[in-house]
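Q: Okay, here's the structure, questions in a sec.
The values are calculated or read from the model by the stated rules, or taken from the named source; none is laboratory data. Here the structure is a predicted model, which means the values were calculated and not measured. A quick note on method: Cβ atoms are made from the backbone with ideal geometry, for glycine too, and the neighbour counts reach across all protein chains shown.
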Amino acid sequence: MKKMNRRAFLTLTGAALAMMALTACGADDAPAAPAAPTNGKEAKVLEAINKYRGELPALTLDSGLDPTMEIVVKLAKGEMEFDENAANALGAAYANYNGLCAPIGVRTDNDDEDMNVTPVCVYSDNAELMAQNLNNQLDESAKANLKSPAIKLVNIKTFEYSGTTYWVALIAESKKVTT
């Protein structure tokens, strides 16, 4: 499979965002999907995120983001390259949400030829410790997104990679209603 350079990544990401904007025409906010069932680890991550958010309202788990999370986890584990197919799949999954932010818990690095996605948020049974570590693990954009009062929905996945348990999350303002 052909690896993607930064310019191609930005072009595909822009196309995915344009597709999301077009699908938003005439859409209203919809109620959140029912809460996704969580295991103990996902519940601990949710607790940590809500602690990090401080006085802001607690986030609601949303199972509608599951297809997108599957792609994000595959990218983070190196099971899938970020190419045109991945960008299109992410764009389609994002199309059902308003204000969906970039994945929390992964970092994208690139050189002249490749786009690499690396997990950065290590899971701990201690929610307080995970909340404190977010300042060191996330870039400024991810921190600002998590602290946004507009964000209401979240989907969380934990996974094993190279002998360590990581977590990733997707956050959004609301779900769209199509007319």
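Q: What pairs can you find where one residue is in the range 150-178 and among the acidic types (Asp, Glu), the other is in a strand (DSSP E or B), and their Cβ atoms are less than 9 Å apart, with a gap of 6+ or different chains?
A: Qualifying pairs under 9 Å: 160/166; 173/29; 173/97; 173/98; 173/153.
Q: From 169, 150, 144, grab the single residue that is surrounded by fewer than 18 Cβ atoms within 10 Å (Cβ to Cβ), of a type outside the set (Phe, Trp, Tyr) and touching a Gly at 6+ places or on another chain (Cβ under 8 Å). Give the derivation first.
A: Values: 169 fails: surrounded by fewer than 18 Cβ atoms within 10 Å (Cβ to Cβ); 144 fails: touching a Gly at 6+ places or on another chain (Cβ under 8 Å).
Matching residue, one of 169, 150, 144: 150.
Q: When you look at residue 54, is it surrounded by fewer than 14 Cβ atoms within 10 Å (Cβ to Cβ), modelled with pLDDT of 80 or more, touching a helix residue (DSSP H, G or I) at 6+ places or on another chain (Cβ under 9 Å) and on the phi > 0 side of the Ramachandran plot, yes or no?
A: Details: surrounded by fewer than 14 Cβ atoms within 10 Å (Cβ to Cβ): yes; modelled with pLDDT of 80 or more: yes; touching a helix residue (DSSP H, G or I) at 6+ places or on another chain (Cβ under 9 Å): yes; on the phi > 0 side of the Ramachandran plot: yes.
So residue 54 fits the description; yes.
Q: Here's something else I'd like to know. Condition test on residue 92, is it surrounded by fewer than 21 Cβ atoms within 10 Å (Cβ to Cβ), in a helix (DSSP H, G or I) and among the small types (Gly, Ala, Ser)? So that I can check it myself, show each step before the final result.
A: On the way: surrounded by fewer than 21 Cβ atoms within 10 Å (Cβ to Cβ): yes; in a helix (DSSP H, G or I): yes; among the small types (Gly, Ala, Ser): yes.
Yes.
Q: Further question on the same structure: Is it the case, given these coordinates, that residue 102 is surrounded by fewer than 20 Cβ atoms within 10 Å (Cβ to Cβ) and aliphatic (A, V, I, L, M)? Give the derivation first.
A: Details: surrounded by fewer than 20 Cβ atoms within 10 Å (Cβ to Cβ): yes; aliphatic (A, V, I, L, M): yes.
In short, yes.
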